[in-house]
Amino acid sequence: MKVLAIDDSIMVRKIIRGAVEVLDGNLIEASDGIEALEVMEEEYKDIDLILLDWNMPRLNGMEVLKQLKADRRFRGIPVMMVTTESERKNIVRAIQAGAAHYLIKPFTIEELVKRIMESMGKGE
Amino acid sequence: MSSISIEEIADLFANNLSKVLRTMAGFEVSSIQCGQQGMPEIEPSIMGAMILHGQKDAMISLAMEDNTAYMLIAYMTGILPEDLEEQDLYDGVGELVNIMTGEVKARLANTPYQFRLTSPFALGGDNLKVVFKKNLQGACRFLTAGELEIIFRISYI
C-alpha cells in the first residue's frame, strides 16, 4: 500500500506516517498542492490512497482535489480529506468534488488507521 | 444570535484546545483565567499564533516553554522528544493553533462572529510575550495538565 499525504504541517505528516507504518504501508509526502501534483505526475501508478489537507499555501486542497478528479489518470485514486474544515457546507463541497472520505482534525491515531483501512476497502 | 463576550470566545478556544490535546495527545487539561491566584509564572520560549479576520480582527496565540512543546509534539506524533528537531516544534505549535481554531470557526460560522483565518505562524525567543494596546479587548486562559503549561490569548487588534 502506498499513500500520498499532502499537508503543509510536518507534524501532521509525521502522524500520518506513523499510521501508515502501522499498516505496513509506504508514505510519500507533499507539503502543498503544487508539490503534490508534481509527485502525482511521477508516482500516480503506485499510489493507492491520497490524504489531502484543505488549507495550504500555493494551491489549496480543494483546488488539488478538482485537478485530481479532472485528470483521468488520477481520478480513480480515492482521496480522503484530512482537515480542520468542519463546516457542513465545506464537507459537502469536498464530497461533491470527489472526495471519498472526510476526516476532521483532531483525530486519534487509531481513528486515522481505521479510516485509512476503510478507504482501502479493508474496514472492519 | 445574542452577543458573545470575548471571555466566552476565549472559553470556546480553550475548551477546543482541551479537546485537541485529549484526542491527539491523551492529556486531560484544565483551564483557568490568567492572573488567578496560584497560577505559576512561566517564561514562554515558543508561541504559535494566527490572525482571525472578521467583523473585528483578532489575534490568537498559544505560548509555552520549550519543554512543554517537546512533550506535546512527542505525544502527538509518537516520536521521542530527543528525536524532534527545532522545526518540528515550531511547525507543531503552529499546527496546534490551526487545529484548535477549526471547530471554533465552524461553530461561529453564519453568526456575526464568523471569521476567516490566516496560516498559523510561530515565534521563538526568551520570555516571549505579546503586548497589545491597553484599550483593546482581550482575554487569557492558563491551561495545565501536570507539567504541561500553556497560555492562550485572544485580543482584538
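The values are calculated or read from the model by the stated rules, or taken from the named source; none is laboratory data. What you see is a predicted model, and the numbers here were worked out from it, not measured in a lab. Cβ coordinates were reconstructed from backbone atoms using ideal geometry, including for glycine residues, and neighbour counts include every protein chain displayed.
Report whether or not B:PRO112 is surrounded by fewer than 12 Cβ atoms within 10 Å (Cβ to Cβ), out of contact with any Phe, Trp or Tyr (no Cβ under 9 Å at 6 or more places or on another chain), of a type outside the set (Ser, Thr, Tyr) and touching a residue at least 12 places away in the same chain (Cβ under 8 Å).
Working: surrounded by fewer than 12 Cβ atoms within 10 Å (Cβ to Cβ): yes; out of contact with any Phe, Trp or Tyr (no Cβ under 9 Å at 6 or more places or on another chain): yes; of a type outside the set (Ser, Thr, Tyr): yes; touching a residue at least 12 places away in the same chain (Cβ under 8 Å): yes.
Yes; evaluated as a whole, the condition is true for this residue.
Is it the case that some residue within region B:17-28 is over 23 Å from A:GLU111 (Cβ atoms) and touching a strand residue (DSSP E or B) at 6+ places or on another chain (Cβ under 9 Å)?
Narrowing region B:17-28 to residues over 23 Å from A:GLU111 (Cβ atoms): none.
Within region B:17-28 (the criterion being over 23 Å from A:GLU111 (Cβ atoms) and touching a strand residue (DSSP E or B) at 6+ places or on another chain (Cβ under 9 Å)), the answer is no, since none of the residues qualifies.
Which one of these is in contact (Cβ under 8 Å) with a residue 40 or more places away in the chain and either closer than 26 Å to A:ASN55 by Cα or more than 12 Å from every other protein chain (Cβ to nearest Cβ) (or both): B:LEU72, B:LEU84?
Working: B:LEU84 fails: in contact (Cβ under 8 Å) with a residue 40 or more places away in the chain.
None of the others qualify; the one that does is B:LEU72.
Looking at B:VAL93, is it within 11 Å of chain A (Cβ to nearest Cβ) and touching a Leu at 6+ places or on another chain (Cβ under 7 Å)? Show your work before the answer.
On the way: within 11 Å of chain A (Cβ to nearest Cβ): yes; touching a Leu at 6+ places or on another chain (Cβ under 7 Å): yes.
Spelling it out, B:VAL93 is indeed within 11 Å of chain A (Cβ to nearest Cβ) and touching a Leu at 6+ places or on another chain (Cβ under 7 Å).
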Legend entry - Boolean, B:LEU128 is touching a residue at least 60 places away in the same chain (Cβ under 8 Å), part of a loop (DSSP other than H, G, I, E, B) and more than 14 Å from every other protein chain (Cβ to nearest Cβ): yes
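Within the group B:ASN67, B:ASN127, which residue is at positive phi and not small (Gly, Ala, Ser)?
After applying the criteria, what remains is B:ASN127.
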Inset, instruction - List the number of the failed condition for A:ILE50; all other conditions in (1) over 29 Å from B:ALA109 (Cα atoms); (2) buried (at least 17 other Cβ atoms within 10 Å of the Cβ) hold. - result: (1)
Inset, instruction - Could you tell me which of the residues B:GLY48, B:GLY102 is modelled with pLDDT of 95 or more, within 14 Å of chain A (Cβ to nearest Cβ), crowded, with 19+ Cβ neighbours inside 10 Å and not in a loop (DSSP other than H, G, I, E, B)? - result: B:GLY48
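Could you tell me whether region B:62-75 includes any residue that is more than 30 Å from B:SER3 (Cβ to Cβ) and of a type in the set (Gly, Ala, Ser)? Break it down stepwise before answering.
Within region B:62-75, the subset more than 30 Å from B:SER3 (Cβ to Cβ) is B:64-75.
Within this subset, residues satisfying the condition of being of a type in the set (Gly, Ala, Ser) are B:69, B:74.
Checked region B:62-75: at least one residue is more than 30 Å from B:SER3 (Cβ to Cβ) and of a type in the set (Gly, Ala, Ser).
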